[in-house]
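Colleague: Below: one structure in structure tokens.
The values are calculated or read from the model by the stated rules, or taken from the named source; none is laboratory data. Note that the structure is a prediction, hence the values are computed from the model and not measured. Cβ sites come from the backbone with ideal geometry, for glycine too, and all protein chains shown count toward neighbours. In case anyone asks, the SASA skips ligands and DNA or RNA and just uses the protein heavy atoms, side chains included. Shrake-Rupley method; radii C 1.70, N 1.55, O 1.52, S 1.80 Å.
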Amino acid sequence: MSDTPPSTPAVHDDAALREAMNRVRLEVGKAVIGQDGTVTGLLIALLARGHVLLEGVPGVAKTLLVRSFSAALGLDTKRIQFTPDLMPGDVSGSLIYDAKAGEFEFREGPVFTNIVLADEINRTPPKTQAALLEAMEERQVSTDGVTRPLPEPFLVAATQNPIEHEGTYSLPEAQLDRFLLKLIVEIPARDAELAVLRRHAGGFDPQDLAGAGVRRAASADEIHAARRAAASVTVSDDVLGYVVDLAQATRRSPSVQLGVSPRATAALLAAAKAWAWLGGYPAITPDHVQTMLLPTWRHRIRLRPDAELEGVSVDAVLGSVVQQTRVPI
């Protein structure tokens with residue numbers, strides 16, 4: 001038995017923690033092929049205490065990716081299929097009358113878990129989408145004057161289809177702003193897709209992750225220690241100023257109606273810290289900021305209608321912002 005008091009965090013070596021996170025990537029790779037960048041994005045969100053919006057056409061393994069990620073971390077996960085008739089109580093939970101006890105009791109909704117898979121989040125009305133706002137921002141659920149904390153770690157991975165718009169509801173800016181990253185899940189390259197087919201030809205069952213060999217690769221202590229380590233990455237005033245300059249450049253862009261907010265600058269800082277730590281860097285560099293800028297800001301900018309009509313994309317605007325903003329030496 002350890003002599004360390006329960007209240008004292010265990011001491012972990014940074015290199016060992018990074019190795020644990022790398023093992024998570026390898027375990028997910030046993031079930032999902034060709035999505036290494038998306039897996040890394042999920043890890044960054046986990047380390048930075050953020051949430052992820054996964055956008056991709058049906059059939060690119062978004063659901064399998066999140067389930068495999070949860071299994072590799074040994075975390076509890078629940079899936080919510082968002083539909084037009086889904087109610088807020090179906091997400092967060094509701095008060096149920098117990099006739100035997102003669103009183104109301106709270107029945108927890110599926111949001112009470114470590115990783116929530118919010119499948120096709122844009123298929124439910126705004127009032128139900130809003131049921132996730134408090135959970136994502138405050139990591140708690142309030143019902144009938146009682147506040148109930150959610151488990152830690154807590155991460156929402158929401159999916160949406162970028163092509164089909166019939167019967168969907170666009171996420172409002174307040175909801176989008178709660179997602180740390182928006183990751184585009186691409187169709188895998190030919191070699192990766194061939195490897196996927198070989199697995200299926202060999203009897204791979206996406207519902208049987210244990211059969212695919214996916215095992216827990218990181219403990220709860222390692223996850224919490226990795227989060228603390230990522231948060232401790234240092235940042236110079238010059239790099240902080242660079243982040244602010246990039247944000248102000250989005251607000252001045254002639255193609256942009258709504259630039260990024262101060263919350264977006266804090267999100268970029270947190271994501272860059274996590275990315276730098278995963279790479280073994282003790283401090284953030286401008287390269288880390290530039291790498292994380294697109295996934296952190298692409299969903300927080302609203303283009304002017306005339307720019308959209310001209311075919312201007314948010315990614316192109318952000319690319320221009322990076323090119324035109326002076327990089328600190």
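Colleague: For region 225-246, how many residues are open to solvent by less than 60 Å² (accessible area, probe 1.4 Å) and closer than 22 Å to THR296 by Cα?
Modeller: Residues that pass the stated criteria total 12.
Colleague: In addition: Residue under question is THR296, and the condition is that it be surrounded by 21 or more Cβ atoms within 10 Å (Cβ to Cβ), at pLDDT 95 or above, on the phi < 0 side of the Ramachandran plot and among the polar types (S, T, N, Q); does it hold?
Modeller: yes
Colleague: Determine whether region 171-190 contains at least one residue that is out of contact with any Phe, Trp or Tyr (no Cβ under 8 Å at 6 or more places or on another chain) and free of Cβ contacts under 8 Å to residues at least 24 places away in the same chain.
Modeller: Among the residues of region 171-190, at least one is out of contact with any Phe, Trp or Tyr (no Cβ under 8 Å at 6 or more places or on another chain) and free of Cβ contacts under 8 Å to residues at least 24 places away in the same chain, which makes the answer yes.
Colleague: Taking the condition of a type in the set (Gly, Ala, Ser) and crowded, with 21+ Cβ neighbours inside 10 Å, does ALA307 pass?
Modeller: No; evaluated as a whole, the condition is false for this residue.
Colleague: Separate question: For region 77-135, what are the residues that are farther than 26 Å from GLN207 by Cα and among the small types (Gly, Ala, Ser)?
Modeller: Passing the criteria: GLY89, GLY93, SER94, ALA99, ALA101, GLY102, ALA130, ALA131, ALA135.
Colleague: Within region 247-256, is even one residue in contact (Cβ under 8 Å) with a residue 60 or more places away in the chain, within 17 Å of the chain's Cα centre (by Cα) and surrounded by 19 or more Cβ atoms within 10 Å (Cβ to Cβ)?
Modeller: The answer is no; no qualifying residue exists.
Colleague: Also, I was wondering about something else. Taking region 265-310 only, how many residues are under 18 Å from ILE184 (Cβ atoms) and among the small types (Gly, Ala, Ser)?
Modeller: The qualifying residues number 2.
Colleague: Give the residues of region 88-126 that are more than 25 Å from LEU65 (Cα to Cα) and touching a helix residue (DSSP H, G or I) at 6+ places or on another chain (Cβ under 6 Å), sorted by residue number.
Modeller: PRO88 - this is the single residue of region 88-126 that is more than 25 Å from LEU65 (Cα to Cα) and touching a helix residue (DSSP H, G or I) at 6+ places or on another chain (Cβ under 6 Å).
Colleague: Next question, about the same structure. Take region 287-329 and flag every residue that is closer than 20 Å to VAL239 by Cβ and aliphatic (A, V, I, L, M).
Modeller: VAL289, MET292, LEU293, LEU294, LEU318, VAL321, VAL322, VAL327, ILE329
Colleague: Quick check on my filter: what residues within region 257-293 are open to solvent by 20 Å² or more (accessible area, probe 1.4 Å), among the small types (Gly, Ala, Ser) and touching a Ser or Thr at 6+ places or on another chain (Cβ under 8 Å)?
Modeller: Within region 257-293, just ALA283 meets the criteria.
Colleague: So which residues in region 117-130 are of a type in the set (D, E, K, R) and either open to solvent by 50 Å² or more (accessible area, probe 1.4 Å) or assigned to a strand (DSSP E or B) (or both)?
Modeller: Result: ASP119, GLU120, LYS127.
Colleague: Now for a separate question. Can you tell me which residues in region 28-45 are among the charged types (D, E, K, R) and modelled with pLDDT of 95 or more?
Modeller: Within region 28-45, no residue meets the criteria.
Colleague: Next question. If THR63 satisfies all but one of (1) more than 23 Å from the chain's Cα centre (by Cα); (2) within 30 Å of PRO188 (Cα to Cα), what's the number of the condition it fails?
Modeller: With (1) more than 23 Å from the chain's Cα centre (by Cα); (2) within 30 Å of PRO188 (Cα to Cα) applied to THR63, the lone miss is (1).
Colleague: Quick check on my filter: what residues within region 148-188 are modelled with pLDDT under 90 and small (Gly, Ala, Ser)?
Modeller: GLY167, SER170, ALA174
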